[in-house]
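Asks: Encoded as structure tokens, here's the structure I'll be asking about.
Just so it is clear, none of the values below were taken in a lab; they were calculated from the coordinates. Since the model is a prediction, treat every value here as computed from it, not as a measurement. Note that we place each Cβ from the backbone using ideal geometry, even for glycine, and neighbour counts take in every protein chain shown.
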Amino acid sequence: METGNKLSTSIDATVPTAARMYDHYLGGKDNYAADRAACEELDKVVPSTRRLAVNNRRFLQRVVKTLAAEHGIRQFLDHGSGLPTQDNVHQVAQRIDPETHVVYVDNDPMVLVHGRALLEQDERTAVIHADMRETDVIFSHPETQRLIDFDQPVAVLFNSVMHCIPDSETDGPQAVVRRVAERLVPGSFLVMCQLVSEDPEVREFVTNFMDQATQGHWGRVRQEKDVAEWFEDLDVLDPGLVEVSTWRPDTEVAPRQLTHEWIEFGGVGRLR
Ligand SMILES: C[S@@+](CC[C@H](N)C(=O)[O-])C[C@H]1O[C@@H](n2cnc3c(N)ncnc32)[C@H](O)[C@@H]1O
């Protein structure tokens, strides 16, 4: 990795993190006053964010279920997995097949603590503390090697995480996607979405706000065309790249993104 962005090993309750802010938006309890205050400030400019977070999580759950039930995927590598909540990836996938293996990767030390507490009884899942740009570290990690057979198709998830890393020739989203894809067999999947806005003022405000709030542990709000570039060499599953609440909604009352200050935009691509 080219950045000097060190992996934090201690929890600092005074500096908001993306993981704990997201947890607050989802109604979780693994967050602090600083995280909740940052969410409150953000809501003044992008008030649809709680709905956006809930829709994002439901998208992730629908995708995992679809890949397990319709495409036979039994191995998931989840980058930027977030704090455990209801219906985590392994729970959704293991409902289809209890033998499914899942490796979670996150750079937030709180995710490690809570993730391990949830998973310590489960032989088929593991939580790795790593930066998602460290592809070599993640793929060669003993837990990844134990749980994932890279001669078989894998679903690699980058769900609502690419906005947490800045642009870079060697470590930006495009570079990370390329080096991950090189290590996967055809029939594997890449799931990717991130925060986008077509409004330059929203992009600038939120990028600056999150960068300052998290003390530089953030990337940027991008545009739909940026996300589309990551899928260029992949076969994109129907309905294509979309605002994620419209990706194969599973009930008629699934909440839609009603406002468009910013949206989670992305989809699912299959390796040829
Ligand atoms: C918005 S949450 C998304 C959680 C989950 N993927 C989902 O869609 O529900 C973003 C997560 O990415 C993690 N994250 C941010 N930057 C990261 C990085 N460079 N490496 C690994 N994880 C990162 C954060 O700690 C957080 O848990």
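Asks: If you take every DSSP beta bridge fully contained in the chain, what fraction is antiparallel? Give it as a percent rounded to 5.
Replies: Given both bridge residues lie in the chain, the antiparallel proportion sits at roughly 40 percent.
Asks: Report, ordered by chain and residue number, the aspartates and glutamates lying within cross-link reach of residue 44, taken as a straight Cα distance under 19 Å and ignoring same-chain residues fewer than 8 apart.
Replies: Counting by Cα, and skipping residues close in sequence, residue 44 has these aspartates and glutamates nearby: 23, 35, 198, 199, 201, 204, 211, 261, 264.
Asks: Say each of residue 225 and residue 145 gets a label point 7 Å from the Cα, pointing the same way as Cα to Cβ; how far apart are those two points in nm?
Replies: 4.4
Asks: List the residues, sorted by chain then number, that are 5 or more residues from residue 156 or on another chain and whose placed amide H is less than 5 Å from its amide H.
Replies: Here the answer is 77, 189, 190, 191, since their amide H atoms fall under 5 Å of that of residue 156.
Asks: Now, a different point. Counting other beta carbons within 10 Å of each residue's own, what order do 143, 70 fall into, fewest first?
Replies: The order, fewest Cβ neighbours first, is 70, 143.
Asks: Normalised by the residues of the stretch 113-241, what does the relative contact order come to in percent, with Cα pairs under 8 Å and at least six apart?
Replies: Answer for the stretch 113-241 is 23 percent.
Asks: State, as an integer percentage, the relative contact order of the chain based on alpha-carbon contacts under 8 Å between residues 6 or more apart.
Replies: 20 percent.
Asks: In percent, how large is the relative contact order of the stretch 170-272, given Cα pairs closer than 8 Å and 6 or more residues apart?
Replies: The value is 41 percent.
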